[in-house]
């Protein structure tokens, strides 16, 4: 087979999890089927080589400047560099192009399938209003300008796409409502290797797992978790919090800090041991797509508590596969954590249900269906939209 699959991404970090993990696993699966996979991405730092030849993909990285106004500072230079690349190396009419988010601007004049952003820009602005009191007027103004630029970008990349990969059906409905589109779609936008994930608890300890960068304390809902931790630690004297993410100063009393185990950033392969050893995983984001850590936690059988982010009900029915609370509601967050810790047997059954639910997007099933979806689009065949959670055997 001489057919190529081009994957266009803002960044690519091997063993990086999140979207990089999706790219890596997709490339490995497709390469075993005989496709030649080419990954085009911005270069994150000088330690990343400009060109790599892996057994699963050829990787090209392009130097760009990154800044807070990512769309202006990083994506625009990337557009010119990737367009120049394609001018020298034109894809054939049979080749497949998948572009992630605003990186689709680099191939807007070609046929591509879009992996849609986590939510439309204006949905993000709406969701973040919950925490307006925590943000300065200037920051809110800057955020509004920033995401209205993204609103225009989202409009362009969705209109141009031949098909769209969504994180959830709620994500699909939001994009169709805001941008008045009706494109073939595939949902969700990531999968999981269930056989590599498990739960192996130490009965002497009870641990809550939380994953989030300190630089995103508001969006990730850390500001609300900080408010409930003292009460949770008082109620449950044997409970610890395991925090994975960048360095962060927790705004809690000193005695609480002694029960917070901060790990820092870890690779995807290292994450598995934390899934194995925790009793509850907590997601308290105000605005987010469906995080890889949520899916992987469910696949591990960890009882899961999540805010009601857009799309969560594709994955969790409240009190069946996990516990869902109203985002930004500190009282409900505290009640949810307390309920899950007080009822370990009910929580355990939720974890079993979650693992069963997530089998619908086990990676071999997922990539087989995704490649079939992509092939039909690029072969100009009739395409049926797919939601894997609704797909019948």
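Summary of values
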| item | result |
| --- | --- |
| Shape of region 110-268, Cα gyration tensor, a/c cut at 1.5 | oblate |
| Under the Debye formula (equal points on every Cα, no solvent term), log10 I(q)/I(0) of the chain at q = 0.13, 0.15 Å⁻¹ | -1.14, -1.48 |
| Orientation-averaged projected area, Cα convex hull of region 297-371 (nm²) | 5.1 nm² |
| Exposure proxy order (Cβ contacts within 10 Å, fewest to most) of 358, 261 | 261, 358 |
| As computed over region 90-165, the Cα convex hull volume per residue (Å³) | 82 Å³ |
| Sequence ranges 41-49, 86-94, ranked by mean other-Cβ count within 10 angstrom, highest first | 41-49, 86-94 |
| log10 of Debye I(q)/I(0), alpha-carbon scatterers only, for region 195-359 at 0.20 Å⁻¹ | -1.48 |
| Proxy reagent accessibility, fewest Cβ within 10 Å first, across 375, 332, 296 | 375, 332, 296 |
| Contact order normalised by residue count of region 195-359, Cα under 8 Å, 6+ apart, percent | 24 percent |
| Mean residue ellipticity (222 nm) of the chain, computed from DSSP H runs ≥ 4 via -39,500 (n - 2.57), nearest 500 | -12500 deg cm²/dmol |
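Bear in mind these aren't lab numbers, they're just calculated from the coordinates by the rules spelled out. What you see is a predicted model; the values in this text were computed from it and never measured. Neighbour counts are summed over all protein chains in view; Cβ atoms, including those assigned to glycine, are modelled from backbone coordinates with ideal geometry.
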